[in-house]
Amino acid sequence: MATDPPKHRPLERFWPYADLPEQPTDEELASLDPDLYEALFGARPRPFSITIVFPDLAVADFERALAIARGSAEFRETGRGADHRYRARFWSSDAATLRDLFEIVGISDDTEVLIDDRPVPYARELWLPLVWFLIPR
């Protein structure tokens, strides 16, 4: 212990936490898992949606698939390395675009189909063909 009094008084704040906002940003809220968002803030009213979640694939049209996915109602990339996934949400009015994307990425068993953000039995075999009926001929 030093007997001399300190020459300066430290600030009463804790770095680096002093500059963080009190509320989450829009980007942080958009990146939340849908179940966590619903638990924190309640259910969001939005129309029926189908979400395609797919990994990096070694197929010829993968760049076209990414372009289609980026043009969806909501697009997000998550994970790194082997866990890297693309998540594209489509409304029922986007049935033709959804089909175009699924024709490219649906060949992989790692591609998931979520109905209103939830895995549903027979989503690939039943739900998607039902949505194809919405495509005008």
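Some observations on this one:
- When Ala73, Ala67, Ala58, Ala95 are checked against the criterion of being modelled with pLDDT under 95 and surrounded by fewer than 13 Cβ atoms within 10 Å (Cβ to Cβ), Ala58 stands alone in meeting it.
- Residue ID - surrounded by the fewest Cβ atoms within 10 Å (Cβ to Cβ), chosen from residues in region 104-120 that are touching a helix residue (DSSP H, G or I) at 6+ places or on another chain (Cβ under 6 Å) and in a loop (DSSP other than H, G, I, E, B): Asp117
- Subset of region 121-134 (residues that are in a loop (DSSP other than H, G, I, E, B) and surrounded by 12 or more Cβ atoms within 10 Å (Cβ to Cβ)): Leu134
- Which listed residue is among the hydroxyl-bearing types (Ser, Thr, Tyr) and in a helix (DSSP H, G or I), from Ser93, Ser72: Ser93
- A residue that is of a type outside the set (Gly, Ala, Ser), in contact with a strand residue (DSSP E or B) (Cβ under 7 Å, 6 or more places away or on another chain), modelled with pLDDT of 85 or more and part of a strand (DSSP E or B) occurs somewhere in region 32-50.
- Residue within region 56-66 that is more than 25 Å from Asp35 (Cβ to Cβ), within 15 Å of the chain's Cα centre (by Cα) and not acidic (Asp, Glu) present: yes
The values are calculated or read from the model by the stated rules, or taken from the named source; none is laboratory data. Nothing here was measured: the structure is a model prediction, and the numbers come from that model. Cβ coordinates were reconstructed from backbone atoms using ideal geometry, including for glycine residues, and neighbour counts include every protein chain displayed.
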